[in-house]
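Here the structure is laid out as structure tokens; the discussion comes afterwards.
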Amino acid sequence: MRSVRTSVYSLHLYTLLSLSLIPIARCVIELPAGLQHQVVCRRSDIREPDVLLELAECTVVEGDLFLAFLRLQPNSSIPMLREITGSLLLYDVYGIDSLSQLFPRLVIIHGQTLIDDYAFVVKNTGLKDVALPSLRLIRRGGVRLDNNPTLCHINTVNWPVLLNTSASRTLLKFNQNGFQCTDLCETRCTNASGRSLVSFENTNADGPFCWSSGLCQSICSLRCRQLGLTCHMQHPDQCCHRECLGGCYTNRSSGCVSCVHVPHKGRCLTKCPAGLLLYLNRRCVTPSQCLRQIPHESVSSSTILHSDGLPASQHSYVIYGETCVSKCPTGFIKQISTGRCMTCDGDRCPRKRCRAFFIRSLKDLDGLRGCWSADALYLSIQGGDSESVMRLLDVAFSTLRVVQHSLRIVRSPPITSLRFLSNLEQVGVANGSSQHWIAVEVSENDNLKELWSVRLIGSPPVSSFTPGLHLWSTGLVRFTQNRRLCPDSIFQLFTSGTLKLMPPGRSLIEAESGLISITNGDLARCNWTEFPVSVDQVTASSVRISWSKHSIVKHYDRPSPTTTSLYRNEVVLAILYHCPASTNISSWEDITRDSSSPCRMGKVSCERLNRNSSELTNCFKVLTDLEPATRYVVYVEMRFPLSRSGAHSHLTYFVTQSINPSVPRYAWLNPLEDNTLRLTWIAPDKSNNLIGHYLIWVRTMPIPLPNLVGHNFCVKKPIWASKPSLFDSRHGTDWLSTQLSSSGNSLNVSNQSECHGCSACPMLDEYEQLFRSHLVPTQNSHSHWPSSVSRWTVDTRDQPLAVQVRKSPVVSCSVLSRWLSTRVERKCWLSFHYESDDR
């Protein structure tokens, strides 16, 4: 089959210009029932609607699936597709309103290859929703939806459950989608099991969740997800076998939709059986299939060659250990006779010479892997988290030794270190010429903090010169606007021999040195020292933080003129941070850089020796409005802007004093038996300390039956009389009504002629509002208030009754999180026996 050239995608520019197509190759893998009959197809770039017919029987796409510049028919569909091992991209696709018809059975997007860190991308389409009714998992990468003017129901999808991660919300990026969306789900989509384990902005963690107004999202139960298991495709409460991925049809390893590890003979296994090789981290192949039946796919040119019948020297894949891979890793060479990877040393290892690279995404790094040299490198990575980016850079640059012309690293926020350059030995060619006017540039990397050190061990060096990066190019050296990189660390590169200007004796020109000194490190703590602070005058709500200016000078090791300026002529900016700290804070950056932290910042006053002196002696700050019995951390910065230096304190902790707690709230009584009461209350709003125990007073009082019978309830109406429903009790007949009935008296609370038009007493009205508020449970709550007696026990003067406990009861407390969404409350109760004084 002939080779066909395709385009390489970038999410930033979407350079989808070529109209060529990749023929779709299928290989049928017979599997018993359970994993069913699979039809595996290779990566596809679809630009013509008719090509969809060739995918009609595919159940798995090994690679990416791209649909671009298409106008589809409303009934267009790839009905059997369940898995995509790479990424799914829809760009400039029109003619359909939803993806539910196009991908009705798609369960998993693996994301083994990504589009700028995203596994699911929809851009410039006429879609009204991205409904994928069977989708359960995006295994790696994020979701990006851009410039879809009619796209709605984005915020009704539980994306965190699909992504199966608690990482930052940078995994989701939604821009310029539908502006007039109701985004309502049908009530049948409400499912308590869909509660998310993590939360993202604009995503309701409690549901309901739906892809569109009439299509609910299929989410496994919370129990299954907490166990790390997927669930049945039709019954979300039924957990699958531990080897199942995405879903299942039975609870056995033979009923999985896909496998966590590998399928073999209709079952999901943890690894391939002996004699078989792992391919694409998802299925097993024989050595013969690996060497002769898997078509070769070149990453750099995106061409596809079918190698059936080719000689051994042109085998498409190679055998590395127990895996089938596209090429041997670094330090290994392919053995022609067997097709296996064998170790190699020094000059025996092939040196791969590569073209110039413009690296702006993590996917672009794939082309650099295995390169021994490159014509030029321009690296500017905008997206991705720092940890992942640094790890992939280490891998991609591990074999690189020579850059022929220019090395430029610019505008890359995720990069915090240049340690990945430690293996690089040469930029430029000795006695050679270059058209690049910049040889090395490291500019505008806002989070770059450290450079690299000399590689001391490894493969033989490129030249006979001493270790280090030898710069032979005659172009400029530019280190500018790296705001967290200190100038001294840049100059240290040259003085230590880590970066050597060649030929020997060459040095930085004045302009290069000046830019390094002036434009770098304005946000770094260059030439900073630490000093101690004192904490005194601690009360329950205030504290005094102070330190001596002499301690700063003592620790400051700059030359004398600068030290003198600290005392007299230097502008001083003193800032103090303080915040609650239940646990220790790892570094000052957690305080100063985290915008969501509860830390507060304030300016600091500094005393002078006398009215006519500019010399500063002591600095202090009195912190007020602190919480009692609370642990705080303080951190102080002293900045000297003119000298671009400063000092900072250690992280210092203190605890404010304790005071009495506020009163317990909402106490009520519930009679359990003739001689047993249950007292319940909510803990104080402000504990102001750790509450060790409660003091409770109890006393009995006679029931004034004649007064109750003759009482005018329009003047003063107790809440238990105004709400007949409160007489219903879980424990049988209301105790108070029983006592009244036994004495031959009845309580009439429905005298309409006497009570018509009466206004409620102010105190009772206040109680009624409290009863209906969201801060307390009601009769319809899962755990309602005790209803057999009034919740507020007062005497005839509306004063709380004084009572006394004869024996120390055991108090129990629990969190009322089911009723309170904004704060944590605690409900406490005890049961005690009493004897009436009348008996």
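The numbers here are math on the coordinates, done by the rules we state, and not lab data. Remember, predicted model here, so these are calculated numbers, not experimental data. Positions of Cβ are generated from backbone atoms using ideal geometry, with glycine treated the same way; all protein chains shown enter the neighbour counts.
Gap in Å between the Cα centre of segment 319-369 and the Cα centre of segment 101-135?
First find each Cα centre; the distance between them is then 31 Å.
Could you rank the peptides 659-672, 504-517, 406-419 by their average count of other C-beta atoms within 10 Å per residue, with the highest value first? Numbers along the way, then the final one.
On the way: 659-672: 15.8, 504-517: 12.9, 406-419: 19.7.
In decreasing order of mean packing, 659-672, 504-517, 406-419 become 406-419, 659-672, 504-517.
Give the calculated FRET efficiency between Thr539 and Glu512 to the nearest 0.05, with a Förster radius of 51 Å applied to their Cβ-Cβ distance. The partial results should precede the final answer.
Values: r = 57 Å, r/R0 = 1.11.
It comes to 0.35.
Within 14 Å, Cβ to Cβ, of Asp92, how many net charges do the neighbouring residues add up to if Lys/Arg are +1 and Asp/Glu are -1? Walk me through the intermediate numbers first.
Values: positive: Arg47, Arg71, Lys123; negative: Asp45, Glu48, Asp146.
So the environment of Asp92 carries a net charge of 0.
I'd like the FRET efficiency for Thr182 and Asp394, computed as 1/(1 + (r/R0)^6) with the beta carbon distance as r and R0 of 45 Å, rounded to 0.05. Working shown, then result.
Numbers: r = 48 Å, r/R0 = 1.06.
Computed FRET efficiency for Thr182 and Asp394 comes out at 0.40.
Could you line up Cys224, Cys231 from fewest to most neighbouring Cβ atoms inside 10 Å? Show your work: numbers first, answer last.
Values: Cys224 19, Cys231 25.
Lowest count first: Cys224, Cys231.
Restricting to Cα pairs below 8 Å that are 6+ residues apart, what does the relative contact order work out to for segment 229-279? Please round to a whole percent.
On the way: 107 pairs, mean separation 12.1, N = 51.
Reported as a whole number, the value is 24 percent.
Can you grab the distance from the C-alpha centre of segment 502-527 to the C-alpha centre of segment 54-92, Å, no decimals?
Computed from Cα coordinates, the inter-centre distance equals 53 Å.
When the Karplus curve 6.51 cos²θ - 1.76 cosθ + 1.60 is applied with θ = phi - 60°, which whole-Hz ³J(HN,Hα) does each residue of segment 89-100 get, with x for Gly and Pro?
With coefficients 6.51, -1.76 and 1.60, one gets 10, 10, 10, 6, 10, 9, x, 10, 9, 8, 8, 5 Hz.
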